[in-house]
Amino acid sequence: RLPGVKSVTVMELHERGHVGSVPLIGGPEVWRNYGVLGEGIKVAVIDTGIDYIHTNFGGPGTPEAYELDTTELNEYFPNVKVAGGWDFAGDDYDASSDDPRRNTPQPDPNPMDCPLERGGGHGTHVAGTIAGYGVNADGTTYSGPYDDTIPLETMRIGPGVAPLAE
């Protein structure tokens, strides 16, 4: 009944998924034909951070691990997959805030991604697309092989394009 509104429809609910994108762009064909999985490659991602505790990056993914102070370094960072990083903004940074305590960066040495409710998650998603190991249906880290036998249809998260890169 609002002026200028011609129709309103319910939007279909979509869940985040990450099992089809790498096959869609030909990742498994590159692995099979060229044997390139990212070994020896280091990739830098400048984004919202990276959830190195997540099993996609070889972390434990346990509730106890997530209770750690993510402004300080901890036993899970650095690790084999996430070899380094820095939080240039801080966990409470909000550029749109009028509060100087929120709109002034407070850098810290821990690159843990910000919580979803504060705009985080994008950096973790990007890093996973690049170099995630993949996550099995039971939530554990996928350990390979990275070839045509990957059980994508049963995986929670598919591997990244270069699953053995740092």
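The values are calculated or read from the model by the stated rules, or taken from the named source; none is laboratory data. What you see is a predicted model; the values in this text were computed from it and never measured. Cβ coordinates were reconstructed from backbone atoms using ideal geometry, including for glycine residues, and neighbour counts include every protein chain displayed. Heads up: the accessible areas ignore ligands, DNA and RNA and are worked out on the full protein's heavy atoms, side chains in. Shrake-Rupley method; radii C 1.70, N 1.55, O 1.52, S 1.80 Å.
As an exercise, use a Förster radius of 22 Å and the Cβ-Cβ distance of Glu75 and Glu117 to find the FRET efficiency, rounded to the nearest 0.05. Before the final figure, lay out the partial values.
Values: r = 26 Å, r/R0 = 1.16.
E(calc), rounded to 0.05, equals 0.30.
What residues qualify as long-range amide H neighbours of Gly121, i.e. H under 5 Å apart, gap of 5 or more or another chain, H built at 1.01 Å from N?
Long-range HN contacts for Gly121: Cys114.
Most fluctuating residue of Gly132, Gly49, Gly85 in a GNM of the chain with Cα springs under 10 Å: which is it?
Gly85
Of Arg32, Arg101, which has the most accessible area and how do the rest follow, probe 1.4 Å?
Largest accessible area first, the list is Arg101, Arg32.
Averaged per residue, what accessible area in Å² does the chain show with a 1.4 Å probe, protein chains only? Mind dumping the intermediate values first?
Values: 10620 Å² over 166 residues.
That works out to 64 Å² per residue.
Would you mind calculating the relative contact order of the chain from Cα pairs under 8 angstrom and at least 6 residues apart, reporting the percent as a whole number?
Details: 276 pairs, mean separation 52.9, N = 166.
Reported relative contact order: 32 percent.
Carbon and sulfur together cover what percent of the accessible area of the chain at a 1.4 Å probe radius? Could you put the intermediate results ahead of the total?
Details: 6130 of 10620 Å².
Answer for the chain is 58 percent, counting heavy atoms of protein chains only.
When the Cα centres of region 128-164 and region 66-80 are compared, how far apart do they sit, in Å?
When both Cα centres are located, 23 Å separates them.
In whole Hz, what ³J(HN,Hα) sequence does region 79-90 give by Karplus (6.51, -1.76, 1.60; θ = phi - 60°), x for Gly and Pro?
My calculation for region 79-90 gives 9, 4, 7, 9, 7, x, x, 7, 9, 7, 10, x Hz in order.
Based on DSSP H runs of at least 4 residues, each adding -39500 (n - 2.57), what is the mean residue ellipticity at 222 nm of the chain after dividing by all its residues, to the nearest 500 deg cm²/dmol?
Dividing the helical sum by the residues of the chain leaves -4000 deg cm²/dmol.
May I ask you to list the chymotrypsin sites (Phe, Trp or Tyr not before Pro) in region 76-166 that are in a DSSP loop and have at most 13 other Cβ atoms within 10 Å of their Cβ? Don't jump to the answer; show the numbers that get you there.
Working: sites: Tyr76, Trp86, Phe88, Tyr93, Tyr133, Tyr142, Tyr146; in loops: Tyr76, Trp86, Phe88, Tyr93, Tyr133, Tyr142, Tyr146.
In loop regions of region 76-166 (DSSP not H, G, I, E or B), the sparsely surrounded chymotrypsin sites (Phe, Trp or Tyr not before Pro) are Trp86, Phe88.
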